[in-house]
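J.: The following block contains the structure, expressed as C-alpha cells.
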Amino acid sequence: MNCIIVDDDKMSCKILEEYVRKSTSLNLVGSFSDSVAARNILTERNDIDLIILDIQMPEMNGFDFIGSLDFPPNIIIVTSAEEYALKAFDFNVVDYLLKPVTYGRFCKAIDKTIRYYARKETTNTGDEEIFIKKGSSLVKLKLKDIIYIEALENYVTLNTNDDRFTIHFTMKAIENQLPSGIFIRVHRSFIINKSMIQTIKENSLDLIVGDTLKSIPVGKSFRDTLLNDINVMAR
C-alpha cells in the first residue's frame with residue numbers, strides 16, 4: 001500500500017517513517033508537516049491507499065483535512081490527544097493510535113487496514129452475491145451484474161442493466177471492497193465493470209448497458225492504469 005505521513009511533530013514523524021520502512025506491505029510516498037501540502041499531493045495522485053495522520057496540525061487540523069477530501073483513502077490517526085477518539089471513528093478511520101506509538105501497536109493497525117480494507121483477490125469471478133437495500137426491502141445482486149458505479153455527493157449509485165441502487169458509501173471504500181479483476185476506477189466519480197467496455201477513447205469510454213452504449217469519462221490520472229490493466233493489441 002502506498003502511504004503518506006502527515007504530522008508536524010518531527011520526532012514522531014521520524015519514528016513513523018522508520019516503522020513504515022520496516023513494513024514490507026507499505027511504500028512511503030512522502031511525509032508532510034502540514035495538511036495543506038498533504039492535500040496537494042492527494043489531488044495530484046490517485047494511488048495513495050493510506051494516510052497516517054495527526055489531528056493537531058497547523059492551518060487545517062486532521063478532521064478538517066479529512067472533511068476536505070471528496071474520496072479519502074484509509075486513515076490511521078496518530079495523536080497525543082485521547083479525547084478525540086470517538087469523533088475520529090465518526091470519520092470512518094481504520095484505527096486510533098496514541099503517542100508514543102510502539103512498533104507492535106503500529107503493526108496491529110497496519111494488519112487491520114490490510115485485513116478489512118485491502119482489495120479482494122483478482123481471481124474473484126463476480127458470482128459473489130450482495131444484498132442492497134431498496135426502499136424497505138433487501139435485493140440480491142451479483143457483483144458481475146454491476147455495470148458501473150457513480151459517485152453522488154455522500155452516496156454512490158450502483159447501476160445494472162435493469163436497475164439503479166443508491167447507497168451511503170464513499171467511492172474509496174467501495175473500490176476497496178470490489179474485486180480488482182472485474183472492476184477498475186477510471187475517474188474520481190466512476191468505477192466500471194471491465195467486461196462491459198466496448199470502446200476506449202481519448203478522454204472517455206463506452207460501456208454496454210442493455211441495448212445501448214453509456215459514455216463514461218476517463219480521468220487523465222486514471223488512463224494509464226486502465227490501459228495497463230486491459231489487453232491491448234496494437235501496432
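Since every read-out is calculated from the coordinates, none of them should be taken as a lab result. On a predicted model such as this, the values are computed, not experimentally measured, just so you know. Cβ coordinates were reconstructed from backbone atoms using ideal geometry, including for glycine residues, and neighbour counts include every protein chain displayed.
J.: Show me the three semi-axes of the equivalent ellipsoid for the chain, from the C-alpha gyration tensor (sqrt of 5 times each eigenvalue), largest first, rounded to whole Å.
T.: Calculated on Cα positions only, the semi-axes equal 34, 20, 16 Å.
J.: Long-range amide H contacts for residue 32: which residues qualify at under 5 Å (H placed 1.01 Å from N, peptide plane, sequence gap of 5 or more or a different chain)?
T.: 5, 6, 7
J.: Given H placed on each backbone N at 1.01 Å, which residues far from residue 218 in sequence or on other chains put an amide H within less than 5 Å of it?
T.: Result for residue 218 returns 204, 205.
J.: Continuing with the same structure: Along the positive direction of the dipole of the chain (beta-carbon charges: Lys, Arg +1; Asp, Glu -1; about the Cα centre), which of 92, 31, 19 reaches farthest?
T.: Final value for the positive-end residue is 19.
J.: Could you list which residues have their amide H under 5 Å from that of residue 78, counting only those 5 or more apart in sequence or on another chain, with H placed in the peptide plane?
T.: Counting only residues 5 or more places away or on other chains, the set is 53, 54, 55, 97.
J.: For the chain, what does -39500 (n - 2.57) per DSSP helix run (n ≥ 4), summed and divided by total residues, give at 222 nm, in deg cm²/dmol to the nearest 500?
T.: -8000 deg cm²/dmol
J.: If you rank 129, 202, 175 by fewest surrounding Cβ atoms within 10 Å, what's the result?
T.: Listed from fewest to most nearby Cβ atoms, that is 202, 129, 175.
J.: OK, next. In whole Hz and in residue order, list the ³J(HN,Hα) couplings for the stretch 200-205 that follow from phi through the Karplus curve 6.51 cos²θ - 1.76 cosθ + 1.60, θ = phi - 60°; x for Gly and Pro.
T.: In residue order, the calculated couplings are 10, 10, 4, 10, 7, 9 Hz.
J.: Sticking with this structure for a sec: Relative contact order (percent) for the chain, with alpha-carbon contacts under 8 angstrom and 6 or more residues of separation?
T.: 12 percent
J.: Find which of 203, 80, 40 sits farthest along the positive direction of the dipole of the chain, computed with +1 on the beta-carbon of Lys and Arg, -1 on that of Asp and Glu, about the Cα centre.
T.: 203
J.: Taking θ = phi - 60°, what integer Hz values does the Karplus form 6.51 cos²θ - 1.76 cosθ + 1.60 yield along the stretch 4-9, in sequence order, with x for Gly and Pro?
T.: Those phi angles translate into 10, 10, 10, 7, 8, 8 Hz.
J.: Kindly give Rg over Rh for the stretch 129-229, based on alpha-carbon atoms, with the Kirkwood expression for the hydrodynamic radius.
T.: That ratio is 0.95, to two decimals.
J.: In a Debye calculation with equal point scatterers on the alpha-carbon sites of the stretch 2-117 and no solvent, what is log10 I(q)/I(0) at q = 0.15, 0.17 Å⁻¹?
T.: -0.57, -0.75
J.: What dipole magnitude, in Debye to the nearest 20, does the chain give about its Cα centre under +1 on Lys/Arg Cβ and -1 on Asp/Glu Cβ?
T.: Approximately 540 debye in magnitude.
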